[in-house]
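What follows is calculated from the coordinates using simple rules that are stated; it is not laboratory data. Small disclaimer: the values here were computed from a predicted structure and weren't measured. Heads up, the Cβs are rebuilt from the backbone with ideal geometry, glycines too, and the neighbour counts pull from every protein chain shown.
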């Protein structure tokens, strides 16, 4: 599903590479944690998978397609097969929960009729039934992240990327979000999550890839934060 | 259909959100385009005047008062046989006086002061190529009985030079205003892109196509350019109405009249220039501010 092959990424003006000859494979339907201290390069992996940045060396293959050599006009279509959740939610403040999710559908050309059918369903799935017409500021942090997850999942992507999705949430709320991601994983969606929340990693007991100074130092099925 | 509706509503919201900037953009665009249209009209005007006058233009060979019949008929024969000459008409003293009387019918004092016989007789020569005056001048100025040779084209060229200078000034003003308009378009697009940065970030994230992200911004500029061109067109129409057909009427009767069809022709020119220039500017600005 996802292949990193000897990927090296050095940001301009950086003294050492963020990722140094990293190779890693992720199968379809897997749930993988990338852990490591701040600045270890784990968020760089998310950016590479989204083609927000390109590696200096090596190949990134997502869903059978070489992202590295992809033409720029093909990127938007490629991103439709990937859902993405961030620490800061990235919701539109002047739109309701329903509208935030529907927006993601409308801007890729889905009709309002499709949105009316699909959006309530996905909001129900993330546990926001009945709160469709609240604005982000009327929702708690956990609820806002659920809206973000709903938006990421509404297109039924093959891959869900989560960049520290619990970074802004208290432990109990974090666990609820993790349950939600786990449920999405069980529908067959590959989940890649970047975090440094040791509690969560230890509770979930999934594959853990630890990165330090741009290198993979541990890759463990059913791992703990360590 | 859905998406077209979305894009259009975004355009309207965008123009309205930043309405002072939008107005500034439209005004500079309108002034610049009006200048462009005016110089376009002047170009058409000069061309039609050239066609009109060069057709009638003559070289006048005035004869001495004491010219003999022999000299006159020799010159007549020479002119008729000249390959540069298209047509020769002899104008006697009496004919010259008649012409003078009708030309200055408004000034009877002047007409009365000039007696028949005081005006010189002349040959009115039409050249095959009006540019070849110098050759004719060289050839005949030393002939017996020739007083002076006058090229009426010279006079006309002076008028054309003035019109040309005015046209160049209008073009210069148009391009200076165009630079101001372009900067305003660029700035408006930047402000619009900034105020919609969250939407744009989400659109990129969920994979909206580039054209879909950029279209509202580009269309915003195009709509402003288009409105500017319509205002410029109205300004040209008013200019013709009140200036050319109004207070400057005496002047314009001297020139060939400027038709409404010529004015109308400027509308697609200005609308096209306004829309294309705004679109390109907006698009280029977006290449810098909305990296994918």
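Observations
- Mean sequence separation of contacting Cα pairs (under 8 Å, at least six apart), scaled by the length of chain A, corresponds to a relative contact order of 28 percent.
- With Cα atoms as the point set, the radius of gyration and Dmax of the range B:1-115 evaluate to 30.9, 91 Å.
- Between the C-alpha center of the range A:137-151 and that of the range B:114-188 there is a gap of 77 Å.
- Paramagnetic label zone (point 7 Å from Cα along Cα-to-C-beta, residue B:135; backbone N under 15 Å) in the range B:77-95: B:79-87
- Binned Cα-Cα distance frequencies in the protein assembly as shown - 10 Å width, integer %: 3, 14, 17, 14, 11, 9, 8, 7, 6, 6, 4, 2, 0
- Working from label points 7 Å from Cα in the Cα-to-Cβ sense, the residue B:261 to residue B:105 distance is 3.0 nm.
- Tilt relative to chain B, helix B:152-195 - C-alpha long axis, 0 to 90 degrees, to 10: 0
- Packing-based exposure ordering (other Cβ within 10 Å, fewest first) of B:82, A:88: A:88, B:82
- Dividing the helix sum by the residues of chain B, where each DSSP H run of 4 or more adds -39500 (n - 2.57), gives a mean residue ellipticity at 222 nm of -24500 deg cm²/dmol.
- Computed label-point distance, nm, for sites residue A:68 and residue B:161 using a 7 Å Cα→Cβ extension: 7.0
- Cα-based equivalent ellipsoid of chain B: semi-axis lengths in Å, sorted from largest, via gyration tensor: 63, 20, 13
- Taking only Cα atoms of the range B:65-144, radius of gyration then Dmax in Å: 14.9, 43
- Mean projected area in nm² (Cα convex hull; one quarter of hull surface) for the range A:54-113: 6.0
- Rg over Rh [alpha-carbon atoms, Kirkwood Rh] for chain A: 0.97
- Length-normalised contact order of the range B:65-144 in % [C-alpha pairs under 8 Å, at least 6 apart]: 40
- Quarter of the Cα convex hull surface for the range A:72-147, i.e. its orientation-mean projected area (nm²): 5.5
- Pairwise FRET efficiency - residue B:48 versus residue A:77, Cβ, R0 = 56 Å, nearest 0.05: 0.55
- Förster radius 25 Å - calculated FRET efficiency between residue B:287 and residue B:176, Cβ distance, rounded to 0.05: 0.50
- Choice from B:37, B:81, B:145 with maximal GNM fluctuation in chain B (Cα, 10 Å cutoff): B:81
- Length-normalised contact order of chain B in % [C-alpha pairs under 8 Å, at least 6 apart]: 33
- Residue of A:31, A:153, A:103 that the Gaussian network model of chain A assigns the largest fluctuation, springs spanning Cα pairs under 10 Å: A:103
- Value of [θ]222 nm, deg cm²/dmol, for chain A, DSSP H segments ≥ 4, -39500 (n - 2.57) each, nearest 500: -9500 deg cm²/dmol
- Which of A:7, A:60 has the fewest Cβ neighbours within 10 Å, and the rest in rising order: A:60, A:7
- For residue B:7 and residue A:61, the FRET efficiency from 1/(1 + (r/R0)^6), where r spans their Cβ atoms and R0 equals 25 Å, is about 0.15.
- For the residues A:44, A:166, A:111, a GNM of chain A with alpha-carbon springs under 10 Å puts the largest fluctuation on A:111.
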